[in-house]
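Undergrad: Sending over a structure as structure tokens; questions will come in a sec.
The values are calculated or read from the model by the stated rules, or taken from the named source; none is laboratory data. Bear in mind that the values here come from a model prediction, so they are computed numbers and not experimental data. Every residue, glycine among them, receives a Cβ derived from its backbone with ideal geometry; neighbour counts consider all protein chains shown.
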Amino acid sequence: MNEDWVLYEVFIRSRSGLEHKHVGSLHAADARMAIEHARDTYTRRQEGVSIWVVRSSDIVASDPAEAEELFEPARDKVYRHPTFYAIPEDVKNI
Amino acid sequence: MYTQALDSPAAAAADAHERDRLERFQERIDRDEKIEPKDWMPEAYRQTLIRQIAQHAHSEIVGMLPEGNWITRAPSLRRKAVLIAKVQDEGGHGMYLYSAAETLGVSRGQLIEQLLSGRAKYSSIFNYPTLTWADIGAIGWLVDGAAIMNQIPLCRCSYGPYARAMVRICKEESFHQRQGYEIMLTLSRGSAAQRAMAQDALNRWWWPSLMMFGPSDAHSVHTAQSMRWKIKRFSNDELRQKFIDVTVPQAEFLGLAVPDPDLRWDESAQHYVPGPIDWSEFHAVLKGEGPCNRERLEARRAAHETGRWVREAAAAFAEKHQEPLRAAQAG
């Protein structure tokens, strides 16, 4: 029994100037209906000013099993953060 | 079932590998890491979550019915707008939860089918009727109050999609409880007839609300494992006690009497001690013998059937507009 409508992922821009953020998913027959359902499901309390919907099947995700090789290399590169560098307190505006 | 397989060294190695995976999974849980849909998880963890999230989703959907009963008869436009918003929220909560369950590999169609066929369970509380307007107040105050008590710890549940759905739900739920209490407050400050109506609603909803937390710890089959997996953070009895402790003073403020002659305050424990709960009622309602079990399922089935042509029309429309798009892409 799988006559489900297409699954869409929903992204909402909460305020002008902010990025769209993933809020959840829903089923819809087409993209237009997905937008309408997203409005009813995810913006009942003025949570958004703009909605994106994307077919879930179109999302390519990284594999959790590869998380280590993908993200571990960044761990020992603390010199990418400003706090890595010791600057005397007397030096201002830096 | 593994006894035979264990005879071969390959199977023994596979078994050791499985144990190792289970151990690493438990370590992740113990470190308070969230488990996400694509992560490896034990089959029993997956099934436990599917069952719990689905039951929760069904409860939200069936929960729309007892309150929907009063939308056309709400006593003012304000009350009516509030009640519509609340019932719409319950529908939304059902949607968040179905989506969370689907991340575990069960389809929406299967979930709906389980509800409509009567195989899936939902909260026993929704099998009680809403006889008067005061019931709408009592449901918001007590039923949503008990639900919040249950749901707040679920925001920290180990399964990411469920925890995130619960955060959203809890944010929306607190208006539900407050609007219910406001109705009770208005009635209890009203005429003698209105006060009596409020008291009657409390009388009927108090015990079923306490039963919402599930069987007592001694009889709860799933509690220990669910707590180890951090699906559950507090036991049924702990949550029930918390609910009683916060709710009794709220009833006192309304000037209403909690319908429990044995209820007393234990000064040394700093808790209210309730009288015994009639679990035979709980199990009867769960088995389908509550006042409205049949009516609730019939209403869901009717909604599903009468909505069928709309779903089919929408699918046909989508299909029709897909074709020119596909043709354009192919060209």
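Undergrad: For B:Tyr45, all conditions in the list (1) more than 30 Å from A:Glu66 (Cα to Cα); (2) buried (at least 19 other Cβ atoms within 10 Å of the Cβ); (3) not hydrophobic (A, V, I, L, M, F, W, C) hold save one; what is the number of the exception?
TA: (1)
Undergrad: Kindly establish whether A:Arg55 is touching a residue at least 40 places away in the same chain (Cβ under 8 Å), among the basic types (Lys, Arg) and within 30 Å of B:Glu60 (Cα to Cα).
TA: Here the answer is yes, as A:Arg55 does meet what is asked.
Undergrad: Let me confirm something: among A:Glu3, A:Glu47, A:Glu9, A:Glu89, which residue is under 30 Å from B:Lys320 (Cα atoms) and part of a loop (DSSP other than H, G, I, E, B)?
TA: A:Glu3
Undergrad: Of the conditions (1) more than 27 Å from B:Gln322 (Cβ to Cβ); (2) modelled with pLDDT of 95 or more; (3) not polar (S, T, N, Q), A:Asp63 fails just one. Which one is it?
TA: Single failed check for A:Asp63: (2).
Undergrad: Out of (1) closer than 24 Å to A:Leu26 by Cβ; (2) under 18 Å from the mean Cα position of the chain (by Cα); (3) modelled with pLDDT of 95 or more, what's the single condition that is false for B:Ser117?
TA: So the condition that B:Ser117 fails would be (2).
Undergrad: Just to be sure I understand the filter: pairs with C-beta atoms under 6 Å, separated by 6 or more residues or on different chains, first member in region B:9-37 and closer than 22 Å to A:Asp63 by Cβ, second member among the aliphatic types (A, V, I, L, M) and outside any strand (DSSP E or B). Which pairs pass?
TA: B:Ile35/B:Met41
Undergrad: Go through (1) within 30 Å of B:Trp40 (Cβ to Cβ); (2) under 19 Å from the mean Cα position of the chain (by Cα); (3) at pLDDT below 95 one by one and return the number of the condition A:Glu47 breaks.
TA: Looking at each condition in turn, A:Glu47 falls short on (1).
Undergrad: Can you work out which of the residues in region B:165-209 that are among the charged types (D, E, K, R) and either at positive phi or within 14 Å of chain A (Cβ to nearest Cβ) (or both) is surrounded by the most Cβ atoms within 10 Å (Cβ to Cβ)?
TA: Ranking the qualifying residues of region B:165-209, first place goes to B:Glu173.
Undergrad: Still on this model: May I ask you to list the residues in region A:43-55 that are at the interface with chain B (Cβ under 8 Å from one of its Cβ atoms) and buried (at least 16 other Cβ atoms within 10 Å of the Cβ)?
TA: Within region A:43-55, none qualify.
Undergrad: Since B:Tyr162 meets every condition but one in (1) hydroxyl-bearing (Ser, Thr, Tyr); (2) closer than 20 Å to B:Gly214 by Cβ; (3) more than 14 Å from chain A (Cβ to nearest Cβ), which condition does it not meet?
TA: It fails just one condition, (3).
Undergrad: Has region A:24-39 got at least one residue that is under 15 Å from the mean Cα position of the chain (by Cα) and either within 14 Å of chain B (Cβ to nearest Cβ) or modelled with pLDDT of 95 or more (or both)? If you could, list the steps in order and put the result at the bottom.
TA: Step one: filter region A:24-39 for residues under 15 Å from the mean Cα position of the chain (by Cα), giving A:24-25.
Checking the rest, the ones that are also either within 14 Å of chain B (Cβ to nearest Cβ) or modelled with pLDDT of 95 or more (or both) come to A:24-25.
The answer is yes; a qualifying residue exists.
Undergrad: Restricting attention to region A:1-21, which residues are within 14 Å of another protein chain (Cβ to nearest Cβ), loosely packed, with under 13 Cβ neighbours inside 10 Å and either in contact (Cβ under 8 Å) with a residue 40 or more places away in the chain or of a type in the set (Ser, Thr, Tyr) (or both)?
TA: none
Undergrad: State all residues of region B:55-87 that are within 21 Å of B:Ala224 (Cβ to Cβ) and in contact with a helix residue (DSSP H, G or I) (Cβ under 7 Å, 6 or more places away or on another chain); if no residue qualifies, say none.
TA: First pass over region B:55-87, keeping only residues within 21 Å of B:Ala224 (Cβ to Cβ): B:55-56.
Answer for region B:55-87, where residues must be within 21 Å of B:Ala224 (Cβ to Cβ) and in contact with a helix residue (DSSP H, G or I) (Cβ under 7 Å, 6 or more places away or on another chain): just B:His56.
Undergrad: May I ask you to list the residues in region B:95-109 that are closer than 18 Å to B:Glu43 by Cα, part of a helix (DSSP H, G or I) and without any contact (Cβ under 8 Å) to a residue 24 or more places away in the chain?
TA: Just the residues of region B:95-109 that are closer than 18 Å to B:Glu43 by Cα, to begin with: B:100-107.
Those left that are additionally part of a helix (DSSP H, G or I): B:100-102.
Residue satisfying the conditions is B:Glu102 alone.
Undergrad: Still on this structure: Filter region A:50-79 down to residues that are part of a loop (DSSP other than H, G, I, E, B) and either under 11 Å from A:Phe11 (Cα atoms) or among the polar types (S, T, N, Q) (or both), then give me how many there are.
TA: Summing the residues that are part of a loop (DSSP other than H, G, I, E, B) and either under 11 Å from A:Phe11 (Cα atoms) or among the polar types (S, T, N, Q) (or both) in region A:50-79 gives 1.
Undergrad: Additional query: For region B:239-257, state whether one or more residues are buried (at least 16 other Cβ atoms within 10 Å of the Cβ), more than 14 Å from every other protein chain (Cβ to nearest Cβ), touching a Ser or Thr at 6+ places or on another chain (Cβ under 7 Å) and part of a helix (DSSP H, G or I).
TA: For region B:239-257, residues buried (at least 16 other Cβ atoms within 10 Å of the Cβ), more than 14 Å from every other protein chain (Cβ to nearest Cβ), touching a Ser or Thr at 6+ places or on another chain (Cβ under 7 Å) and part of a helix (DSSP H, G or I): present.
Undergrad: Another question, if that's okay. Which condition number in (1) among the hydroxyl-bearing types (Ser, Thr, Tyr); (2) more than 16 Å from B:His56 (Cβ to Cβ); (3) assigned to a helix (DSSP H, G or I) is the one that B:Thr130 fails?
TA: (3)
Undergrad: If I ask for residues that are assigned to a helix (DSSP H, G or I) and either aromatic (Phe, Trp, Tyr) or in contact with a helix residue (DSSP H, G or I) (Cβ under 7 Å, 6 or more places away or on another chain) (or both), which ones from region B:277-296 would you list?
TA: Within region B:277-296, B:Trp279, B:Phe282, B:Val285, B:Leu286, B:Asn293, B:Arg296 meet the criteria.
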